[in-house]
Amino acid sequence: MEPDGPDVPAGLERLDAGVEQGVDAGTRLVHRWMRDERAARRVLGRFRDARAAEAAPGFGWARVAQVGALAAVALVALLALRPAGRGVAPALAVRGEGARWSVASHAGQPGELTAGGTLEVASGEVSLALGELAIRARAGVRVTAVELGGSRTVTLRQEAGSAVYELAPHAGYRLAIATPAATVRVVGTRFRVVVDGAHTTVAVGRGRVQVEGADGAGRAVDASHQVVCAAGAPVPEPTAFNMIVDEDFAEGGPASLGISR
């Protein structure tokens with residue numbers, strides 16, 4: 001995840017680069033930095049003014065004015081329009097070439113899943129990423145982002161379908177996946193969650209996860225083991241499964257989602 005409070009000089013350089021690439025690039029930068037959409041629109045207006053100035057006679061002076069405007073806009077955007085000491089609301093980046101998916105949310109930009117938003121995958125596979133967390137969601141998945149980064153915790157609610165999660169051990173935050181039948185708590189590992197109605201299957205490919213049932217009691221599930229949980233029932237004893245023939249964990253298969261260290 002991006003650190004809180006990006007420094008102003010670096011911000012100015014990125015804003016300047018955004019203007020050189022056009023208003024669309026500037027739009028993406030501004031939305032990443034700012035929580036307030038109205039404030040973002042004000043900044044974008046300054047971007048458009050700067051672009052118009054480039055086409056005016058006496059371009060040299062226009063360029064000087066443009067840089068000055070960028071400095072003023074950046075200072076306002078980074079220091080005044082955001083709560084002091086806080087970073088941009090984090091979001092899971094969503095990618096799915098050839099897949100059909102949708103995000104139901106009132107916040108975030110296209111291709112982002114922010115807190116409170118729900119992702120549904122109609123066909124194909126979709127990948128999601130946030131810092132050291134990577135997810136591969138298959139057709140039929142419905143997952144809601146409950147919390148993203150607050151108190152160094154990422155909490156997701158998976159209501160249907162099959163998804164594989166990978167969190168680097170040194171990520172520095174905790175991951176929790178809530179389903180209708182269980183809650184999976186993770187520090188650093190790779191595992192799969194399959195939600196099928198009132199049953200949830202948790203299979204671990206690397207590391208260890210803690211699975212809690214409706215009674216709040218939990219069981220540790222180690223690599224090459226899985227549990228099948230039923231809604232309202234305690235978590236059963238884990239059983240071993242053969243990772244060699246499992247497409248998500250087999251040697252030589254897609255054993256990493258791209259963030260393992």
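In this structure the amide hydrogen of Gly117, modeled in the peptide plane, comes within under 5 Å of the amide hydrogens of Ala145, none closer than 5 places in sequence on its chain. Taking the fewest neighbouring Cβ atoms within 10 Å as the starting point, the ordered list for Phe191, Phe241, Phe249 is Phe241, Phe249, Phe191.
Under a point spin-label approximation (7 Å from Cα along Cα-to-Cβ), what is the Val146-Asn242 distance to one decimal in nm? Taking the two extended label points, one gets 3.6 nm. Neighbours of Thr179 by Cβ distance under 13 Å: Lys/Arg scored +1, Asp/Glu scored -1, total +1.
Computed with the Debye formula from one identical point scatterer per Cα of the stretch 91-245, without solvent, the log10 of I(q)/I(0) at q = 0.12, 0.17, 0.20 Å⁻¹ comes to -0.46, -0.95, -1.30. Subtracting the Cα-Cα distance of Ser123 and His170 from their residue separation scaled by 0.36 nm leaves 13.7 nm.
Bear in mind these aren't lab numbers, they're just calculated from the coordinates by the rules spelled out. These figures come from a predicted structure and were not determined experimentally. Every residue, glycine as well, gets a Cβ built from its backbone with ideal geometry; the counts of neighbours run over all protein chains shown.
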